[in-house]
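Engineer: This is the structure I have questions about; it appears just below.
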Amino acid sequence: MSNWDVEKIRKDFPVLSQSVNGKPLVYLDNGASSQVPQSVIDRTSKYLSEEHSNIHRGVHYLSQHATNAYEAAREKVKRFINAKEAKECIFVRGCTEGVNLVAYSYGRKFIGEGDEILVSQMEHHSNIIPWQVVAEEVGARVVMIPMNERGELIIDEYENLLNERTKMVAISHVSNSLGTVNPVKQIIATAHKFGVPVLVDAAQSVPHFPVDVQDLDADFFVFSGHKMFAPTGSGVMYGKREWLERMPPYQTGGGMIRNVSFEGTTFAPIPDKFEAGTPAIAAGIGLGAAIDYINALDFNAAAAYEHELLDYATERLADIPGVKIVGTAANKASVLSFTIEGIHPHDIGTILDQQGIAIRAGHHCAQPVMQFFDVPATARASFAFYNTREEVDKLADAIQKVIEVFA
Ligand code: C6P
């Protein structure tokens, strides 16, 4: 295994040292939510105990402190994804809110009757439904980019689908149900030849490897804090300034205006235009601390380690008769979905939980993927850089026991 001191890293995450059902916790549900390091807990708690107040509104000491901390977090986000400007990084509640923001704001202005929105077959529901709703409203169509039986997008078909009616391509960087890493840089470059912007759902990529929105040339790039070691309620919708300035607000209210009167209202410049109301301040500051935590690691080494772990887990599970891995793309990150012949994934999840092993069982909010593979659900182990080979062994042994129980 690569030179990664996993035991040292694990000490940073207090949750990991507990027992569940009398067994040491084996946490393999990082795709749903990753765990939070002590430094992030401390920073969030410092805000709550010493700095708590509203931001962008007060002239008093606490409000200014809180505002500075929140805006410092935005700067950290900017550097983390290599945005050109911090103002292009809009704080949202999470990936779902980020996609909804773009769908409603961009969609209502730039998508019209007869237009098309290309969405891949492996998307999470939160990158399908907002587009369907907007398409219905404006008389446009959502068109699916298909995948093959390994769970890889069929790039030739994607290129054939692009045309002068296409107004948006919405695509995940990494699939949450299959683990496929999509060639988003290539997908974006092709869309741009048609003048079409691309939204990248980065919920499952930012926790696992370094990203660079300028290198990708992404128009929109959305992710959630709680999958990248930050508290729930934090998230980011990055958009290129030239789009954000032309887009109308998504929500309206306090904090996003320049002037309000009963004759009419004018809006504040970005980012405020898209941040109506009091935001999740503690969570946003926590997201900044999570970025500090990641920056203090060798993130490339973390990614390499995680990759080896995924390869090892894939080998171990592939060796167990009756286990079928769902999603066998050549380029994968962090996610291992599987089924066991004759056993419902929920039963797998419940029995593993009795062994202290947390995985997710279900359709993973990706029902079109389940329909494609003709399964009602899968069991899914999803890894982070604090997981170990021993935990993978425990997973494989526990799966073996599940099969014995049902034999
Ligand atoms: N996937 C999973 O267990 P929110 O809920 O807004 O933080 O993220 C939504 C979302 C969007 N896109 C992708 C690719 C995702 O994986 C998720 C969340 C979780 O896989 C919960 S369903």
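Engineer: Residues in region 276-291 that are surrounded by fewer than 24 Cβ atoms within 10 Å (Cβ to Cβ) and touching a strand residue (DSSP E or B) at 6+ places or on another chain (Cβ under 6 Å): how many?
Structural biologist: Residues that pass the stated criteria total 1.
Engineer: Name the pairs: first residue in region 242-270 and over 26 Å from Pro197 (Cβ atoms) and in the same structural domain as Ala86 (by TED's automatic domain parsing), second residue assigned to a loop (DSSP other than H, G, I, E, B) and of a type in the set (Ser, Thr, Tyr), Cβ to Cβ under 9 Å, at least 6 apart or on different chains?
Structural biologist: Close Cβ pairs satisfying both conditions: Gly254/Thr278; Gly255/Thr278; Thr265/Thr252.
Engineer: Could you grab me the full set of residues in region 271-305 that are free of Cβ contacts under 8 Å to residues at least 40 places away in the same chain and in a helix (DSSP H, G or I)?
Structural biologist: Lys273
Engineer: Name the single residue that is nearest to Ala366 (Cα to Cα) among those in region 125-165 being more than 16 Å from the ligand (Cβ to nearest atom) and small (Gly, Ala, Ser).
Structural biologist: The qualifying residue nearest to Ala366 (Cα to Cα) is Ala135.
Engineer: Taking the condition of being among the hydrophobic types (A, V, I, L, M, F, W, C) and within 19 Å of Tyr27 (Cα to Cα), how many residues in region 353-407 meet it?
Structural biologist: The initial filter retains those residues of region 353-407 that are among the hydrophobic types (A, V, I, L, M, F, W, C), namely 357-359, 361, 365-366, 369-370, 372-373, 375, 377, 379, 381, 383-385, 392, 395-396, 398-399, 402-403, 405-407.
When the remaining residues are screened for being within 19 Å of Tyr27 (Cα to Cα), the result is 357-359, 361, 379, 381, 383-385, 392, 395-396, 398-399, 402.
Final tally of qualifying residues: 15.
Engineer: Here's a follow-up. Do we have Arg108 as out of contact with any Cys (no Cβ under 6 Å at 6 or more places or on another chain) and either modelled with pLDDT under 95 or not assigned by TED's automatic domain parsing to the domain that holds Tyr238 (or both) here?
Structural biologist: When the stated conditions are applied, Arg108 passes them.
Engineer: Tally the residues that are out of contact with any strand residue (DSSP E or B) (no Cβ under 7 Å at 6 or more places or on another chain) and crowded, with 20+ Cβ neighbours inside 10 Å, restricting the search to region 369-395.
Structural biologist: 7
Engineer: If you don't mind, another one. Going through region 90-110 one residue at a time, which ones are of a type in the set (A, V, I, L, M, F, W, C) and either surrounded by 24 or more Cβ atoms within 10 Å (Cβ to Cβ) or within 16 Å of the ligand (Cβ to nearest atom) (or both)?
Structural biologist: Ile90, Phe91, Val92, Cys95, Val99, Leu101, Val102, Ala103
Engineer: Still on this structure, I have one more. Checking the condition at pLDDT 95 or above, charged (D, E, K, R) and within 11 Å of the ligand (Cβ to nearest atom), which residue from Asp219, Asp201 passes?
Structural biologist: Selected residue: Asp201, the only one of Asp219, Asp201 that is at pLDDT 95 or above, charged (D, E, K, R) and within 11 Å of the ligand (Cβ to nearest atom).
The values are calculated or read from the model by the stated rules, or taken from the named source; none is laboratory data. Quick caveat: nothing in here was measured; it's all calculated off a predicted structure. Positions of Cβ are backbone-derived with ideal geometry, glycine not excepted, and every protein chain shown enters the neighbour counts.
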